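Single-structure report; data block below.
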Amino acid sequence: MLSKKLSQITPSYTIGISARVKALKSEGLEIIDLSIGEPDFNTPHVANAKAMDAISNGKTKYDLVPGLMDLRLAIVDKLKTENHVQYKADEIVVSSGAKHAITNTLLALLDPGDEVLLPAPYWTSYPEIIKLCGGVPVIIETSKENDFKLTADLLKPYINARTKLLLINNPSNPTGAVYSGNELSPLVDVCVLENIFILADEIYERICFDQPFVSIPSLSEAARQQTILINGFSKSAAMTGWRLGYTASNATIAKAISTIQGHLVSHPSTISQWAGLGALTEGKEAMQKMVNTYKSRRDLLLPIIDALPDTTYVTPKGAFYLFIDLSAYRNKLSFDTSFSVAFSDKFLLEHQVAVVPGIAFGNDNYIRISYATDLHVVIEGLNRLKQMIEAL
Ligand SMILES: Cc1ncc(COP(=O)(O)O)c(C=O)c1O
């Protein structure tokens, strides 16, 4: 009855875990939820105010498919001043979240059977969106020794006549890895030479702790032409529920994305777009405060993880996740197919802590913990992790 396409798709692990947490909570259990990649802050007041103003003043009708011109101009300005890359308004398409921006892009670029190179660990939805859009995800393993970053040498052997696109998530969910300009340039050079598009998901761009963030299209005009930049408001402006993201690309690709979006959703809610404009033009201070909080949480949490027996991690330089290697405990737990699922299930049922199993990101030795949650709650979760692994 259902489509063949659907049979290839795994439901989202993270959304599944959230539903389980909600169900357990409704049974009266107190769950420490470290699974969700959602800021624990409120949307900045300035964004809310702009949205309320839009509602009060009847700015609630259909508008331009690629997004409100005021918002696109503000995005152009943001990309110029913060990311050092020059776009025009007709190269920006505002969508209903970064997920939607990624989907639009893949629909615009992929023919059936086209390959998309995806460095692992990867954000859980990438392979599924690629498949839904007719593409074939080709996973490239990266190593902990290189902070889970892709290099040109790792990339080159995977390129063939079917390769259409390389997907890079910087900063990375789940590892927190951040690429420097020197690390990105050789990757871009390979893609330009081989005529492979780059889908640069930079949604965590502001949440970058130890080094300046480098946006891929800012590297050169060739990089800009070859790249479809993905960004959004969910993470940086705590606007997950408003569903607002965007692409920046060359005008030909932007037009194609806009054509697709026009038939599917027209445009994101205009109310959300006005809120996004408020966040971009007046919300910088509020956004920086959140980033400072994430950084101080990370700095306080790392020594706690250091003290966990037989666990390792790569120091996250951005985003708000800890990706913890528990491979030392693989032989201490019986499981059928997935160690990280068995571990996470046991952690939830016996210690009431929800985390995401690493298999959701393509690495079954790990779990992912989000610290976009009150610090004391995360610390209590890590205390329980210690109890659990000590008892294994
Ligand atoms: C790497 C990455 N890209 C995209 C998204 C989707 O963001 P949005 O809420 O804007 O759809 C997420 C959300 O978790 C993410 O982690």
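The values are calculated or read from the model by the stated rules, or taken from the named source; none is laboratory data. The model shown is predicted, which means the values in this text are computed figures rather than measured ones. Note that we place each Cβ from the backbone using ideal geometry, even for glycine, and neighbour counts take in every protein chain shown. Please note that ligands, DNA and RNA were not included when accessible areas were found on the heavy atoms of the full protein model with its side chains. Shrake-Rupley method; radii C 1.70, N 1.55, O 1.52, S 1.80 Å.
Have a look at 300, 322 and point out the one that is open to solvent by 60 Å² or more (accessible area, probe 1.4 Å), at pLDDT 95 or above and touching a helix residue (DSSP H, G or I) at 6+ places or on another chain (Cβ under 9 Å). Talk me through it step by step, then tell me what you get.
Details: 322 fails: open to solvent by 60 Å² or more (accessible area, probe 1.4 Å).
Every option except 300 fails the conditions.
Could we say that residue 105 is crowded, with 16+ Cβ neighbours inside 10 Å and within 30 Å of residue 155 (Cβ to Cβ) here? Working first, answer last.
Details: crowded, with 16+ Cβ neighbours inside 10 Å: yes; within 30 Å of residue 155 (Cβ to Cβ): yes.
Criteria met by residue 105.
Being touching a residue at least 40 places away in the same chain (Cβ under 8 Å), open to solvent by 30 Å² or more (accessible area, probe 1.4 Å) and either more than 23 Å from residue 207 (Cα to Cα) or of a type in the set (Lys, Arg) (or both): is that true of residue 122 here?
On the way: touching a residue at least 40 places away in the same chain (Cβ under 8 Å): yes; open to solvent by 30 Å² or more (accessible area, probe 1.4 Å): yes; either more than 23 Å from residue 207 (Cα to Cα) or of a type in the set (Lys, Arg) (or both): no.
For residue 122, the condition - touching a residue at least 40 places away in the same chain (Cβ under 8 Å), open to solvent by 30 Å² or more (accessible area, probe 1.4 Å) and either more than 23 Å from residue 207 (Cα to Cα) or of a type in the set (Lys, Arg) (or both) - is not met.
Specify which of the listed residues (317, 295, 284, 289) is within 16 Å of the ligand (Cβ to nearest atom) and open to solvent by 10 Å² or more (accessible area, probe 1.4 Å). Before you say what the answer is, go through the steps one by one.
Details: 295 fails: within 16 Å of the ligand (Cβ to nearest atom); 284 fails: within 16 Å of the ligand (Cβ to nearest atom); 289 fails: within 16 Å of the ligand (Cβ to nearest atom).
On inspection, the qualifying residue turns out to be 317.
Which strands (runs of 3 or more DSSP E) sit wholly inside region 95-182 and have at least 2 residues that are within 15 Å of the ligand (Cβ to nearest atom), within 21 Å of residue 361 (Cβ to Cβ) and in contact with a strand residue (DSSP E or B) (Cβ under 6 Å, 6 or more places away or on another chain)?
Per the criteria, 115-120, 163-169.
Please pick out the residue among 354, 342, 372 that is over 20 Å from residue 238 (Cα atoms), outside the structural domain of residue 169 (by TED's automatic domain parsing), surrounded by 14 or more Cβ atoms within 10 Å (Cβ to Cβ) and in contact (Cβ under 8 Å) with a residue 60 or more places away in the chain. I'd like the intermediate steps shown before the answer.
Working: 342 fails: in contact (Cβ under 8 Å) with a residue 60 or more places away in the chain; 372 fails: over 20 Å from residue 238 (Cα atoms).
Unique residue meeting the criteria: 354.
Here is a check on your reading of the model: is residue 92 in the same structural domain as residue 215 (by TED's automatic domain parsing) and not hydroxyl-bearing (Ser, Thr, Tyr)? Give the derivation first.
Numbers: in the same structural domain as residue 215 (by TED's automatic domain parsing): yes; not hydroxyl-bearing (Ser, Thr, Tyr): yes.
In short, yes.
Go through 214, 192, 188 for me and flag whichever is open to solvent by less than 20 Å² (accessible area, probe 1.4 Å), touching a residue at least 12 places away in the same chain (Cβ under 8 Å) and either assigned to a loop (DSSP other than H, G, I, E, B) or over 17 Å from residue 318 (Cα atoms) (or both).
188
Go through 35, 12, 56 for me and flag whichever is within 15 Å of the ligand (Cβ to nearest atom) and over 27 Å from residue 163 (Cα atoms). Walk me through how you get there before you give the answer.
Values: 12 fails: over 27 Å from residue 163 (Cα atoms); 56 fails: within 15 Å of the ligand (Cβ to nearest atom).
35 is the lone residue from the list that is within 15 Å of the ligand (Cβ to nearest atom) and over 27 Å from residue 163 (Cα atoms).
If you go through region 289-301 one residue at a time, do you hit one that is more than 23 Å from residue 103 (Cβ to Cβ), polar (S, T, N, Q) and part of a loop (DSSP other than H, G, I, E, B)? Even if it seems obvious, please write down each step before you answer.
Here is the first cut: in region 289-301, the residues more than 23 Å from residue 103 (Cβ to Cβ) are 289-301.
From what's left, polar (S, T, N, Q): 292-293, 296.
Narrowing further to those that are part of a loop (DSSP other than H, G, I, E, B): none.
No, that holds for no residue.
Looking at region 1-61, what helices (runs of 4 or more DSSP H) fall wholly within it and have at least 3 residues that are in contact with a strand residue (DSSP E or B) (Cβ under 9 Å, 6 or more places away or on another chain)?
On the way: elements: 4-7, 13-26, 45-56.
So the answer is 13-26.
Find all pairs meeting these conditions: Cβ atoms under 7 angstrom apart; at least six residues apart or on different chains; first residue within region 89-115 and in contact (Cβ under 8 Å) with a residue 40 or more places away in the chain; second residue open to solvent by 30 Å² or more (accessible area, probe 1.4 Å) and within 16 Å of the ligand (Cβ to nearest atom).
Going by the 7 Å Cβ cut-off, the qualifying pairs are 96/243; 96/265; 97/243.
Taking only region 217-227 into account, find how many residues are open to solvent by less than 10 Å² (accessible area, probe 1.4 Å) and either within 12 Å of residue 169 (Cα to Cα) or away from the ligand (no atom under 16 Å from the Cβ) (or both).
To start, the set of residues in region 217-227 that are open to solvent by less than 10 Å² (accessible area, probe 1.4 Å) comprises 217, 223, 227.
With the extra rule that they be either within 12 Å of residue 169 (Cα to Cα) or away from the ligand (no atom under 16 Å from the Cβ) (or both), the set shrinks to 217, 223.
Of the residues in that region, 2 qualify.
Considering each residue of region 238-278, count those that are away from the ligand (no atom under 16 Å from the Cβ) and touching a strand residue (DSSP E or B) at 6+ places or on another chain (Cβ under 7 Å), and give that number.
Adding up the residues that qualify gives 4.
Determine, yes or no, whether residue 61 is of a type in the set (Lys, Arg) and surrounded by fewer than 20 Cβ atoms within 10 Å (Cβ to Cβ). Steps first, please.
On the way: of a type in the set (Lys, Arg): yes; surrounded by fewer than 20 Cβ atoms within 10 Å (Cβ to Cβ): yes.
Criteria met by residue 61.
Taking residue 7 and the conditions (1) open to solvent by 70 Å² or more (accessible area, probe 1.4 Å); (2) modelled with pLDDT under 90; (3) within 16 Å of the ligand (Cβ to nearest atom), which numbered condition does it fall short on, given that it satisfies the others?
(3)
Of all residues in region 2-17, which are touching a residue at least 40 places away in the same chain (Cβ under 8 Å) and farther than 10 Å from residue 124 by Cβ? Can you show your working first?
Just the residues of region 2-17 that are touching a residue at least 40 places away in the same chain (Cβ under 8 Å), to begin with: 5, 8-10, 12-14, 17.
Across region 2-17, the qualifying residues are 5, 8, 9, 17.
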